[in-house]
2 protein chains.
Amino acid sequence: MAEKKGNQSVEFKEKIAIKAVSSTVGKKEGEGPLKDKFDKIINDATAGEDSWEKAESKFVSENMKLVMKKAGINENDVDYIVAGDLLNQNNGSTFGVREFNRPFFGIYGACSTYGEGLGIGSILIEAGMGENILVGASSHFCAAEKQFRFPLELGSQRPLTSTWTVTGHGAAVLTKGGNYPYIKGITTGKIVDFGIKDANNMGAAMAPAAADVILNNFNDFGIGANYYDMIVTGDLGYVGKELVLKLVKDGGFDISENYTDCGIEIFDRDKQDTHSGGSGCACSAVTFNSLFYPKLKNGEMKRILFIPTGALMNSTSTQQGETIPGVAHGVMVEN
Amino acid sequence: MAEKKGNQSVEFKEKIAIKAVSSTVGKKEGEGPLKDKFDKIINDATAGEDSWEKAESKFVSENMKLVMKKAGINENDVDYIVAGDLLNQNNGSTFGVREFNRPFFGIYGACSTYGEGLGIGSILIEAGMGENILVGASSHFCAAEKQFRFPLELGSQRPLTSTWTVTGHGAAVLTKGGNYPYIKGITTGKIVDFGIKDANNMGAAMAPAAADVILNNFNDFGIGANYYDMIVTGDLGYVGKELVLKLVKDGGFDISENYTDCGIEIFDRDKQDTHSGGSGCACSAVTFNSLFYPKLKNGEMKRILFIPTGALMNSTSTQQGETIPGVAHGVMVEN
């Protein structure tokens with residue numbers, strides 16, 4: 001049985017091991033700073049399919065096959081699939097996992113989905129629901145721009161606060177025990193709404209939720225910033241990062257020495273014209289899997305607080321003048 | 001620790017009690033056969049808001065407050081909220097639960113969402129994640145028609161295979177132990193795709209997934225149709241019900257004596273012009289809560305297999321010629 005910690009955290013009793021991870025990305029990601037760390041780069045934005053949406057599902061199925069192979073299991077060994085994405089009605093995941101024929105929990109946390117998935121996956125292991133839980137999250141730049149903002153064909157200019165949705169899929173296989181990085185506990189996010197309405201400034205919309213999770217994690221576990229080798233948010237980019245630093249400082253902690261954001265790590269700001277950084281469900285998923293998981297595995301780092309961040313709007317809510325609430329899911333990964 | 005059963009089921013060790021349920025519905029539902037059983041009827045389709053989408057969120061927040069009141073708890077007693085709906089990016093739930101300020105897991109299972117939520121909520125209790133889990137699912141006829149088919153203003157004629165999306169919200173508070181109907185186990189659905197492409201024939205698209213869950217539940221637990229007082233699917237309507245009877249019979253079991261569908265129970269076919277029956281996330285949620293939960297509570301029934309059913313398409317997938325995969329989540333509720 002998990003142990004409740006403070007207001008919104010738990011520490012797991014079981015050792016929730018992250019047995020394997022994998023990252024499949026698109027061309028632009030494959031030209032960035034992490035290009036040598038990804039498992040697979042698909043240079044064709046349609047991945048051989050006839051639409052961007054079908055391409056996203058192809059990324060899902062290909063990368064899930066890859067992570068199962070890396071974990072040494074096959075589809076029949078998977079007890080549950082927990083997955084989500086940004087497409088309306090989770091269609092990237094739905095059509096992507098259809099062929100696997102295993103029990104499926106669809107989840108939606110916008111770009112925090114990988115954090116939500118690792119959390120729910122951990123709870124499944126803790127509850128004794130099975131041996132192998134397959135978790136995944138995806139996004140696709142072209143499909144996301146078309147759905148949330150403007151069709152690419154319009155050639156709309158992107159403001160400097162905007163981020164670039166990562167094309168890719170990150171997956172993990174969770175199991176119980178073994179010599180792998182493990183999930184010690186989670187701090188599940190509340191919906192936090194500071195009243196931001198600009199769909200081109202997601203970093204500002206999500207930063208308060210991320211800061212809230214960081215502060216609650218510290219307080220719930222009675223720890224400080226120096227507990228972690230690194231605190232890693234999902235896709236706040238440069239604008240959101242500054243806000244998190246300020247909000248966490250206002251809460252009494254200085255994380256300026258050991259904090260970064262996946263949206264900053266995945267692209268080269270100067271050379272790749274991605275403005276405020278990377279975003280999308282895949283941003284945190286592929287960056288954690290390719291950059292940070294290996295550091296935990298090889299002992300270079302011992303403790304990471306990983307916090308995928310999401311903006312909970314849709315195109316209708318924006319048109320109706322609603323604000324953009326944020327959510328973030330904290331995952332304590334240690335080794 | 002939950003006990004794995006067969007291919008895709010578990011039996012919980014803890015007594016996962018459904019402490020309270022509540023149903024808030026719209027005008028049409030409030031004129032149907034269950035009108036005296038609902039907790040609250042909101043006759044204004046916009047619920048005092050300025051859009052159907054905002055109205056759906058109002059249904060969510062009002063009904064969640066109601067179920068907390070019926071369970072004798074307040075927001076601060078809730079450990080996790082698990083909720084979802086049909087709107088793009090789960091916005092009905094997101095904006096509906098925003099004010100509660102509690103840890104939130106957004107889920108998406110189309111119209112099977114209430115079943116998925118009761119399943120994940122049970123797992124949270126089993127894992128020791130807290131004392132009170134708030135589960136909810138909603139849908140809104142006007143918002144769903146606009147999003148998935150045609151704006152109501154067009155006055156498009158609906159074919160006889162079509163179902164009527166229920167306007168409403170169903171919620172439950174799960175806790176551990178106590179003298180309440182409880183969730184003995186779950187049979188989590190796989191994605192099942194028989195190649196149906198007609199978005200006006202959801203019953204046929206979802207029936208194979210429902211039949212698959214029923215057969216796996218029987219086989220995983222080594223039971224037959226007569227184990228249950230009633231087997232209740234979510235929103236297959238008249239067309240889907242006939243298919244389920246046939247598919248389950250092909251699998252070796254006759255459920256013709258104790259099977260019904262919430263989409264058939266919620267509307268009066270002759271008087272309400274709803275064609276093949278009710279549908280939407282709220283259909284199974286409000287029908288189970290108002291019609292079947294009371295029968296379990298007062299001892300009229302002892303065992304129900306409740307199987308909300310979902311169709312995993314979106315408007316883009318339909319336009320791109322994709323099929324409509326189905327999913328269903330089986331929940332064994334006993335007393």
Say whether the condition of being modelled with pLDDT of 95 or more, charged (D, E, K, R) and under 22 Å from B:Asp235 (Cα atoms) is met by at least one residue in region B:105-121. yes
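Can you find a residue in region B:305-316 that is assigned to a helix (DSSP H, G or I) and closer than 24 Å to B:Glu11 by Cα? If you could, list the steps in order and put the result at the bottom.
Our first condition is that a residue be assigned to a helix (DSSP H, G or I); within region B:305-316, this holds for B:315-316.
With the extra rule that they be closer than 24 Å to B:Glu11 by Cα, the set shrinks to none.
Among the residues of region B:305-316, not one is assigned to a helix (DSSP H, G or I) and closer than 24 Å to B:Glu11 by Cα, which makes the answer no.
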Every listed condition ((1) hydrophobic (A, V, I, L, M, F, W, C); (2) more than 16 Å from B:Leu124 (Cα to Cα); (3) within 13 Å of chain B (Cβ to nearest Cβ)) holds for A:Val166 save (3)
The lone exception for A:Thr318 - which of (1) more than 13 Å from chain B (Cβ to nearest Cβ); (2) surrounded by fewer than 24 Cβ atoms within 10 Å (Cβ to Cβ) it fails: (1)
Every residue in region A:220-237 that is surrounded by fewer than 19 Cβ atoms within 10 Å (Cβ to Cβ) and in a helix (DSSP H, G or I), please. A:Phe221, A:Ala225, A:Asn226, A:Tyr227
Restricting to region B:306-326, give me the number of residues that are under 17 Å from the mean Cα position of the chain (by Cα) and without any contact (Cβ under 8 Å) to a residue 40 or more places away in the chain. 0
Residue pairs meeting the criteria (Cβ under 8 Å; at least 6 apart or on separate chains; first in a helix (DSSP H, G or I), in region A:250-267; second buried (at least 18 other Cβ atoms within 10 Å of the Cβ) and among the acidic types (Asp, Glu)): A:Cys262/A:Asp235; A:Gly263/A:Asp235
Here is a list: A:Asn91, A:Asn7. Which entry is modelled with pLDDT under 95 and not hydroxyl-bearing (Ser, Thr, Tyr)? A:Asn7
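Yes/no per residue for (1) charged (D, E, K, R); (2) closer than 19 Å to B:Ile186 by Cβ; (3) touching an Asp or Glu at 6+ places or on another chain (Cβ under 8 Å):
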| site | (1), (2), (3) |
| --- | --- |
| B:Ile42 | no, no, yes |
| B:Gly48 | no, no, no |
| B:Val82 | no, yes, no |
| B:Gln89 | no, no, no |
| B:Thr94 | no, no, no |
| B:Phe105 | no, yes, yes |
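Could you tell me whether region B:56-77 includes any residue that is among the aromatic types (Phe, Trp, Tyr) and farther than 15 Å from B:Gly170 by Cβ?
We begin by selecting, within region B:56-77, every residue among the aromatic types (Phe, Trp, Tyr); these are B:59.
With the extra rule that they be farther than 15 Å from B:Gly170 by Cβ, the set shrinks to none.
Looking for residues that are among the aromatic types (Phe, Trp, Tyr) and farther than 15 Å from B:Gly170 by Cβ, one finds none in region B:56-77, hence no.
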Picking from A:Ala2, A:Ala47, the residue that is buried (at least 18 other Cβ atoms within 10 Å of the Cβ) and without any contact (Cβ under 8 Å) to a residue 24 or more places away in the chain would be A:Ala47
Region A:283-305, residues that are crowded, with 17+ Cβ neighbours inside 10 Å, over 20 Å from A:Ile223 (Cβ atoms) and over 9 Å from the mean Cα position of the chain (by Cα): A:Asn289, A:Ser290, A:Leu291, A:Tyr293
What are the residue pairs meeting all of these: first residue in region A:282-296, first residue at pLDDT 95 or above and in a helix (DSSP H, G or I), second residue acidic (Asp, Glu) and crowded, with 24+ Cβ neighbours inside 10 Å, Cβ atoms under 8 Å, and 6 or more apart or on different chains? A:Cys283/A:Asp235; A:Ser284/A:Asp235; A:Val286/A:Glu29
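Among the candidates A:Thr94, A:Thr113, single out the residue that is more than 8 Å from every other protein chain (Cβ to nearest Cβ), in contact with a Pro (Cβ under 8 Å, 6 or more places away or on another chain) and crowded, with 20+ Cβ neighbours inside 10 Å. Spell out the reasoning first.
Working: A:Thr94 fails: more than 8 Å from every other protein chain (Cβ to nearest Cβ).
Of A:Thr94, A:Thr113, the one residue that is more than 8 Å from every other protein chain (Cβ to nearest Cβ), in contact with a Pro (Cβ under 8 Å, 6 or more places away or on another chain) and crowded, with 20+ Cβ neighbours inside 10 Å is A:Thr113.
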Working only within region B:66-91, note down all residues that are surrounded by fewer than 24 Cβ atoms within 10 Å (Cβ to Cβ) and of a type in the set (A, V, I, L, M, F, W, C). B:Leu66, B:Met68, B:Ala71, B:Ile73, B:Val78
Can you tell me which residue is farthest from the other protein chains (Cβ to nearest Cβ) among those in region A:3-27 that are among the charged types (D, E, K, R) and assigned to a strand (DSSP E or B)? A:Lys19
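Would you be able to say whether some residue in region A:61-84 is more than 30 Å from A:Tyr182 (Cβ to Cβ) and in contact with a helix residue (DSSP H, G or I) (Cβ under 7 Å, 6 or more places away or on another chain)? Outline the logic, then answer.
To start, the set of residues in region A:61-84 that are more than 30 Å from A:Tyr182 (Cβ to Cβ) comprises none.
So far as region A:61-84 goes, no, none of its residues is more than 30 Å from A:Tyr182 (Cβ to Cβ) and in contact with a helix residue (DSSP H, G or I) (Cβ under 7 Å, 6 or more places away or on another chain).
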Select from region A:98-110 the residues that are buried (at least 24 other Cβ atoms within 10 Å of the Cβ) and more than 18 Å from the chain's Cα centre (by Cα) and list them in ascending order. A:Pro103, A:Phe104
Only one of (1) aliphatic (A, V, I, L, M); (2) in contact with a strand residue (DSSP E or B) (Cβ under 6 Å, 6 or more places away or on another chain); (3) within 8 Å of chain A (Cβ to nearest Cβ) fails for B:Leu118. Which number is that? (3)
When residues of region A:44-89 are limited to those that are part of a strand (DSSP E or B) and touching a Ser or Thr at 6+ places or on another chain (Cβ under 6 Å), the one nearest to the other protein chains (Cβ to nearest Cβ): A:Gly84
Output the number of residues of region A:231-268 satisfying the condition of being touching a Ser or Thr at 6+ places or on another chain (Cβ under 7 Å) and of a type outside the set (Gly, Ala, Ser). 13
Which condition number does B:Glu153 fail, the rest of (1) more than 13 Å from the chain's Cα centre (by Cα); (2) closer than 28 Å to B:Arg303 by Cβ being met? (2)
Quick check: anything in region A:268-286 within 14 Å of chain B (Cβ to nearest Cβ) and of a type outside the set (S, T, N, Q)? yes
Tally, over region B:116-128, of residues that are crowded, with 24+ Cβ neighbours inside 10 Å and either over 13 Å from the mean Cα position of the chain (by Cα) or of a type in the set (Phe, Trp, Tyr) (or both): 8
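Going by what's in this entry, would B:Asn63 be described as at positive phi and surrounded by 24 or more Cβ atoms within 10 Å (Cβ to Cβ)?
no
The values are calculated or read from the model by the stated rules, or taken from the named source; none is laboratory data. Quantities reported herein were computed from a predicted structural model and do not represent experimental measurements. Here the Cβ is made from the backbone with ideal geometry for all residues, glycine too, and neighbour counts use every protein chain on show.
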